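The values are calculated or read from the model by the stated rules, or taken from the named source; none is laboratory data. This is a predicted model, so every value here is computed, not measured. Quick reminder, even Gly has a Cβ in these numbers, built from the backbone with ideal geometry, and neighbours come from all protein chains shown. Just so you know, the surface numbers come from the protein's heavy atoms only, side chains and all, with ligands and any DNA or RNA stripped out. Shrake-Rupley method; radii C 1.70, N 1.55, O 1.52, S 1.80 Å.
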Amino acid sequence: DLDAAGPLGKRVRASYGVTGRGVIMEMASASGLPLVPEERRNPLYTTTYGTGELILHALEQGHRNFYLGIGGSATNDGGIGAMTALGIRFLDKNGNKLSGYGQDLEKIAEIDVSGLNPLVRDARFTVMCDVTNPLLGENGATRVFGPQKGAKGEVLERLEKGMEIYADILEKTLGKKIRSIPGAGAAGGLGAALCGFLNARMQSGIEAVLELIRFDELAGEEDLVVTGEGMTDRQSAFGKTISGIAAHCQRLGV
């Protein structure tokens, strides 16, 4: 456990786990929607800064292999809060450093990556993500997930416009296409930042978990695997635990 900035900037207790395979981190621990009272939910005023602090702490402890779960966020800041904690500077037209909240997206004029913590270079980031939404548009971060975080009407429009400005400068700065990566819109655009700045790879949640526990190695020696979930419905066939385990068992002949 450690102190980290919560979605509203107030310090909260957050945590991550350490296994023999690497660090397992859930962004919602520091930046999750339950940390914001309903009456204060407005993603113009929330940040992923605390998630960046968790990553930085783990890097400084010597960890280099990360599995990041990015569900349940209270944020729509494009991941600029988390990247600010790791040393990247997002500057407005006057060269002033922005704080990394949703409202700062529309003010970005330049991204300075020179201060990115050098420990990141030797680290490997796997993003556990079960959504494939792009960063922008009708199926993007803001329009699909913004309303459940408290954004509506003019706020939605401001955030989408800000995300468009951010995407343009992000791609120009890094020299690569980010906005259409499946999952770039996850966690209010944190997926885009992790892929863009940290060269993270996207992986479905169940695939990442099965890899972590060496499922194929364990199940390959068995005759039968039994699995289930709280409720089996049509969603169970799409990237859920049951379908993931079934697919692996079919391939293993179990």
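Identify, please: which residue in region 172-181 is free of Cβ contacts under 8 Å to residues at least 24 places away in the same chain and of a type in the set (D, E, K, R) and is, among those, least open to solvent (accessible area, probe 1.4 Å)?
Per the criteria, the residue is 176.
So residue 160 clears everything in (1) open to solvent by 60 Å² or more (accessible area, probe 1.4 Å); (2) out of contact with any strand residue (DSSP E or B) (no Cβ under 9 Å at 6 or more places or on another chain); (3) charged (D, E, K, R); (4) closer than 18 Å to residue 80 by Cα except one condition, right? Which one?
(1)
Would you check if there is a residue in region 77-88 being open to solvent by 50 Å² or more (accessible area, probe 1.4 Å), within 14 Å of the chain's Cα centre (by Cα) and within 26 Å of residue 152 (Cα to Cα)?
No, because not a single residue in region 77-88 is open to solvent by 50 Å² or more (accessible area, probe 1.4 Å), within 14 Å of the chain's Cα centre (by Cα) and within 26 Å of residue 152 (Cα to Cα).
I'm trying to understand the selection: among the residues of region 228-254, which are surrounded by 14 or more Cβ atoms within 10 Å (Cβ to Cβ), of a type outside the set (A, V, I, L, M) and on the phi < 0 side of the Ramachandran plot?
Of everything in region 228-254, those that are surrounded by 14 or more Cβ atoms within 10 Å (Cβ to Cβ), of a type outside the set (A, V, I, L, M) and on the phi < 0 side of the Ramachandran plot turn out to be 236, 240, 241, 243, 244, 248, 249.
Anything in region 182-210 that is among the hydrophobic types (A, V, I, L, M, F, W, C), under 14 Å from the mean Cα position of the chain (by Cα) and open to solvent by less than 50 Å² (accessible area, probe 1.4 Å)? List them, or say none.
184, 186, 187, 190, 192, 193, 194, 195, 197, 198, 200, listed by residue number.
Quick one: how many residues across region 196-227 are out of contact with any strand residue (DSSP E or B) (no Cβ under 7 Å at 6 or more places or on another chain) and at negative phi?
Matching residues across region 196-227 total 22.
Among the residues of region 109-133, which ones are in contact with a Ser or Thr (Cβ under 9 Å, 6 or more places away or on another chain) and either at pLDDT 95 or above or open to solvent by 50 Å² or more (accessible area, probe 1.4 Å) (or both)?
110, 111, 112, 113, 130
Does residue 70 count as without any contact (Cβ under 8 Å) to a residue 40 or more places away in the chain and open to solvent by less than 30 Å² (accessible area, probe 1.4 Å)?
Spelling it out, it is not the case that residue 70 is without any contact (Cβ under 8 Å) to a residue 40 or more places away in the chain and open to solvent by less than 30 Å² (accessible area, probe 1.4 Å).
If you check residue 168 against the conditions, is it more than 25 Å from residue 65 (Cα to Cα), under 23 Å from the mean Cα position of the chain (by Cα) and without any contact (Cβ under 8 Å) to a residue 40 or more places away in the chain?
yes
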